[in-house]
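The values are calculated or read from the model by the stated rules, or taken from the named source; none is laboratory data. The structure displayed is predicted, hence computed values, not measured ones. A quick note on method: Cβ atoms are made from the backbone with ideal geometry, for glycine too, and the neighbour counts reach across all protein chains shown. Only protein heavy atoms, including side chains, enter the accessible area calculation; ligands, DNA and RNA are left aside. Shrake-Rupley method; radii C 1.70, N 1.55, O 1.52, S 1.80 Å.
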Amino acid sequence: MPRPISARIHPDAIRHNLAFVKRTAPHSSAWSVVKANAYGHGIERIYPAVADGDGIALLDLDEAVRVRELGWPRPILLLEGIFDARDVETADRHRLTVTVHGDEQLDWLAAARVSQPIDIQLKMNSGMNRLGFRPGDYECAWRRASETASIGAIGLMTHFANADDSAIDWQIDAFDAATKHLPGTRSLSNSAAVLWHPRAHRDWVRPGTILYGASPTGRARDIAGLPLRAAMTLESRIIGVQTLAAGETVGYGCSFVADRTMRIGVVACGYADGYPRHAPAGTPVLVDGVRTRIVGRVSMDMLTVDLTPCAAAGIGAPVELWGERIRVDEVAEPSGTIGYELMCALARRVPVRVDVPPVVQAETAAC
Ligand SMILES: *Cc1c(COP(=O)(O)O)cnc(C)c1O
């Protein structure tokens, strides 16, 4: 038997979450953001769930080519654009839309011979101060792009530094002021702006983390009540049970001390599987369908849980580390991180299974 840990990917949840995005921003097209191998879920695994969408956005050229080779016919956006003059050829061959965030990228495009003009998203630095043209330089960059023969349609784009709180109006204002006289589609919203800032929806939204059912703020309570479903379940089993007497400890560092007699379950999951080592005692976990908590320090291959509320759970009892019942954010937040990081950091050694959506089974049965 393999070690009893696995991750399950639920394409249906992503399909459901994308439909929720479309209802939330009903007048916008959506770039499904699948960077970082679909936030750790695997592009090929989740592709059927976004295959009816409007566009796919990512940032690795290799990933873009993989998406094209899956047969995706619609736009693919490179969120960081090209990294080198030679990338223009790849963008041309695979009909990629490229973000342009600096003069060098305009130089590379202007110098290239292409089979057809390349569509771009011209990125404004509206306050994040990572990539993009400053508002005062933006119109000039737009003029240069519009006079470049190898450039086709020019979309106008920016990215928020603070979309997870209410303080984004200043960035929207900066964007609007600098683009007032320019034609082209607008794209501003990441997941947080999709959920909380309708003013920023515009022509194209760019949801990432909410497609996978995780909170843009890293706090589960901020998306409680929204119909977002987890796209990844990390599950394992109890492989050992200990009964501690009051005063005994469990795990490295003896950090957890039992204050009474208690049953402890040992779970086949550790930080080498992608579970955060910083998860403190009290982090929620589901054992045998019952919510309980982690106790003691997470080790490389194991972690320990309090079996007090799950009296019937013994060896082999199923454990959900995160997924449909325990939001990944509930594990991330006490560990000092965000769900994005945990999903992306799922370790290679964890076997991954994909739920077959019922609709696909029905189609298979029909032919
Ligand atoms: C990652 C990314 C997104 C998606 O962000 P989420 O917070 O996951 O929705 C949108 N736009 C750009 C430019 C990005 O890099």
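Summary table
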quantity: Proximal lysines relative to Lys22, as straight alpha-carbon distance under 24 Å, when same-chain residues fewer than 8 apart are discounted; calculated: Lys35, Lys123
quantity: Ranking by accessible area, most exposed first, for Lys22, Lys180 with a 1.4 Å probe; calculated: Lys180, Lys22
quantity: Relative contact order, percent, the range 60-173 [alpha-carbon distance under 8 Å, six or more residues apart]; calculated: 21
quantity: FRET efficiency, Asp107 to Asn162 (Cβ-Cβ, R0 41 Å, nearest 0.05); calculated: 0.80
quantity: Within the range 75-101: backbone nitrogen closer than 19 Å to the Ser115 label point (7 Å, Cα to C-beta); calculated: 75-78, 86-98
quantity: Over the chain, relative contact order from alpha-carbon pairs under 8 Å, at least 6 apart, %; calculated: 18
quantity: For the range 76-117 versus the range 211-262, the gap between their alpha-carbon centres in whole angstrom; calculated: 45
quantity: Unit charges at the beta carbon, dipole of the range 232-354: most positive-side option, Val354, His278, Cys254; calculated: Val354
quantity: Segments 234-243, 29-38 sorted - mean Cβ within 10 Å per residue, highest first; calculated: 29-38, 234-243
quantity: Mean residue ellipticity (222 nm) of the chain, computed from DSSP H runs ≥ 4 via -39,500 (n - 2.57), nearest 500; calculated: -7500 deg cm²/dmol
quantity: Burial order of peptide ranges 169-176, 207-214 (average beta-carbon count within 10 Å, highest first); calculated: 207-214, 169-176
quantity: Fraction of beta bridges assigned by DSSP in the chain that are antiparallel (%, nearest 5); calculated: 50
quantity: In Å², nearest 10: area of Phe133 left accessible to a 1.4 Å probe; calculated: 20
